[in-house]
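Okay, structure first, notes after.
The values are calculated or read from the model by the stated rules, or taken from the named source; none is laboratory data. The shown structure was predicted, so the numbers you read here are calculated from the model rather than taken from an experiment. Cβ sites come from the backbone with ideal geometry, for glycine too, and all protein chains shown count toward neighbours. The area values use the complete protein model at the heavy-atom level, side chains included, leaving out ligands, DNA and RNA. Shrake-Rupley method; radii C 1.70, N 1.55, O 1.52, S 1.80 Å.
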Amino acid sequence: MIFKTLTAAAAMLALTAPVLVAGGADDDTLVINGDIEITTKAAAAPHLDGHLDEVMSGWHFRDDDTQAMEMDDFDNPGMIFVDVATDTWNTAEGSEGKSCADCHNEPESMAGVRAVYPRWNEEAGEVRTLQMQMNACRTERMGAEAWKYDSGDAINMEALLASVSRGTPVNVAIDGPAAETWEKGKEIYYTRYGLLELSCANCHEQNYGNYIRADHLSQGQINAFPTYRLKNAKLNGMHSRFKGCIRDTRAETFNPGSPEFVALELYVASRGNGLDVEGPSVRN
Amino acid sequence: MEFTRRETLAVGGAAALVAMLPKGAYAATTEEWIAEFTGGAEMADAGLDLTAPEIAENGNTVPIEVSADGASEILVLATGNPTPGVAKFTFGPLAAAQYASTRIRLAGTQDVVAIAKLADGSFARASKTVKVTIGGCGG
Amino acid sequence: MADGVKPRVKVPKSASAGEAITIKTLISHPMESGQRKDSSGNTIPRSIINRFTCEFNGESVIDVTMEPAISTNPYFEFEATVPEAGEFKFTWYDDDGSVYEDSKKIEIG
């Protein structure tokens, strides 16, 4: 595999000069606020046998300046939207006059929740993403309007819930009633889309660590979402990122919140089982 | 009055150029910015540190730092941007150091220039070339 | 006033008299540069924060003139001397005339 050759070459070079060969993943350690240690590399889950040995966060594929922005909550511009969501958390909305805090107390009470979504909801008989669950709370318990998928309010709240789960390993269930949705997501992951006929796997499984123009490909992990991108200077949702990727293959894409992207989110999340929740992260 | 892109293009060349310039945003050159700041004085090479990445991962958010002991003001310019102005830092009596760090936009690979007005009224200049890379999937 | 503008500042809660401290500030703001065009090709008008100031007990720490080349969600880091207990005042001035303020008290200890 080309990537391994490159890494080996980089390791040789590193012996003679402190030069980081751009492209590959580095060996830095992610500690946020000097306090929260984040697992950014882990042995791949058994279902990835024959596909990947090790899974790693996209953080390893960024340069030092971008990495540093995520290591301090003040330097991370994504955290300002966590502040905005904390205000929303405490604000009563809808016909029932309730806020999130009225049922869930402090946001910290939701620690660990981000790590197990998407998950099967027995009552509803469907796999729900965290945003779907947030909207179920809003419409069923608060009598408030659902947020549009990946809209500012929804992404900010997802960032708040991710931030209190940082350092918890992603652990989505893929068996039992979720298995069908997971299989559907896996099929999408390996399907070639668009005029360029590219699947998710072509870039993020077979070529991570290699260049795509002047940038380098990550494994496409979603443990660190929502992510503040330097490119558009805002928090970005997973489904919007999926849409951007598929659009770039010059295909008609699925939409954020569609059953296809819900299934894909479950499957891609499961590829990161063992990596810690890291959002809101900073990427280029 | 609103023009669509097609309508704007349909207007004759020179007129269209004038119409498309943002109001009041006459783009002064880097030299003009410097002349206004220094009054044409000589600039030394020492006394001012400018820190910027050699390669910026994204031109939209590039971290920079300026530092000049005892300076009253530091001007930062991006020579390759549509308008070169970035920021002017004026240090008050309670600044513990004449130092500031911020994040800036660079339209492409270019020189970032900083000029400090030092305590004795003289000027110092520092410059750094920053390469701005083009992202993988459409930036 | 731009939508959802929210300032954040980071100042230590206490310092010894005369100590130099590091201050960080961030404010959510689109910083529309005036260089971009909308989907019909019309220039989107400039709308930025054009000035930021920090004062301590009425005396200036730093005063920044900002141009459109400052990134979205402007960030500044700088250093201040704390001669006595008191209050830092932070002010951001928007092109549209809006003024955003924040303040932080600091003790001597």
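Find the centroid of the Cα atoms in region A:77-148 and in region C:30-95, then give the distance between the two in whole Å.
Region A:77-148 and region C:30-95 have Cα centres spaced 33 Å from each other.
Straight distance only, please: which lysines reach the Cα of residue C:105 with their own Cα at less than 21 Å, same-chain residues fewer than 8 apart left out?
C:6, C:10, C:13, C:24, C:89
Would you look at the GNM of chain C, springs on alpha carbons closer than 10 Å, and say which of C:39, C:98, C:16 moves the most?
Comparing C:39, C:98, C:16 in a Gaussian network model of chain C, the most mobile one is C:39.
So what is the relative contact order of region B:15-129, in percent, for Cα pairs below 8 Å that sit 6 or more residues apart?
Relative contact order, region B:15-129: 31 percent.
Highest first, please rank the peptides A:202-214, B:75-87 by the mean number of other Cβ atoms sitting within 10 Å of their residues.
B:75-87, A:202-214
With +1 on the Cβ of every Lys and Arg and -1 on the Cβ of every Asp and Glu, and nothing else charged, how large is the dipole of chain A about its Cα centre, in debye rounded to the nearest 20?
So the magnitude is around 880 debye.
Could you state how much accessible area is buried at the B-C interface, both sides summed, with a 1.4 Å probe, in Å² to the nearest 100?
2600 Å²
Check each residue of region B:72-93 and keep those whose accessible area, probe 1.4 Å, is at least 40 Å² smaller with all protein chains in place than in the chain alone; give them in order of residue number.
Hits at the 40 Å² cut-off: B:86, B:88, B:89, B:90, B:93.
Quick one: Cα centre-to-centre distance for region B:83-115 and region A:242-284, in angstrom?
37 Å
Write down the percent of antiparallel bridges among all DSSP beta bridges whose residues are both part of chain A, to the nearest 5.
85 percent
Calculate for chain A the 222 nm mean residue ellipticity that helices alone would give, adding -39,500 (n - 2.57) per DSSP H run of length 4 or more and normalising by residue count, nearest 500 deg cm²/dmol.
-10000 deg cm²/dmol
For a quick check of your reading of the filter: which GluC sites (Glu not before Pro) in region A:215-284 sit in a DSSP loop and have no more than 16 other Cβ atoms within 10 Å?
A:252
Per q in 0.14 Å⁻¹, report the Debye log10 I(q)/I(0) for region B:15-129, using one uniform scatterer on each alpha carbon and no solvent.
-0.60
Quick one: which residues, 5 or more positions from residue A:93 or on another chain, have an amide H under 5 Å from its amide H? H modelled 1.01 Å from N in the peptide plane, none for Pro or chain starts.
Answer set, sorted by chain and number: A:98, A:99.
Of all beta bridges DSSP finds with both residues in region B:15-129, what is the antiparallel percent, to the nearest 5?
Just about 95 percent of them are antiparallel.
Can you pull out the trypsin sites (Lys or Arg not before Pro) in region A:56-161 whose DSSP state is coil and whose Cβ has at most 13 other Cβ atoms within 10 Å?
A:148
For residue A:251, which sequence-distant residues (separation of 5 or more, or a different chain) have an amide H within less than 5 Å of its own amide H, given hydrogens modelled in the peptide plane?
A:195
For the protein assembly as shown, count the residues as N, evaluate 2.2 N^0.38 Å, and divide the Cα radius of gyration by that value, please.
Normalised by 2.2 N^0.38 Å, the Cα Rg of the protein assembly as shown equals 1.05.
Under a 10 Å cutoff between Cα atoms, tell me which one of A:39, A:249, A:181 has the largest fluctuation in the Gaussian network model of chain A.
Ranking A:39, A:249, A:181 by mean-square fluctuation puts A:249 first.
Show the residues, 5+ positions off or on another chain, whose built amide H is closer than 5 Å to the amide H of residue B:104.
Distant-sequence amide H within range of residue B:104: B:62, B:64, C:71.
First check a/c for region A:135-185, with a ≥ b ≥ c the square roots of the eigenvalues of its C-alpha gyration tensor; if it is under 1.5, answer rounded, and if not, answer prolate when a/b is larger than b/c or oblate otherwise.
oblate
Go through region C:64-109 and name the GluC sites (Glu not before Pro) that are in a DSSP coil and have 12 or fewer other Cβ atoms within 10 Å of their Cβ.
Listed in order of number, the matching sites are C:84.
At a Cα cut-off below 18 Å, give the lysines reachable from residue B:128, other chains included and same-chain residues fewer than 8 away excluded.
Cα-Cα hits under 18 Å: B:88.
What are the aspartates and glutamates whose alpha-carbon lies under 14 Å from the alpha-carbon of residue A:148, with same-chain residues fewer than 8 places away excluded?
A:158
Using the Karplus curve 6.51 cos²θ - 1.76 cosθ + 1.60 with θ = phi - 60°, what ³J(HN,Hα) values do you get for each residue of region C:74-80, in whole Hz, with x for Gly and Pro?
In residue order, the calculated couplings are x, 10, 9, 10, 7, 10, 10 Hz.
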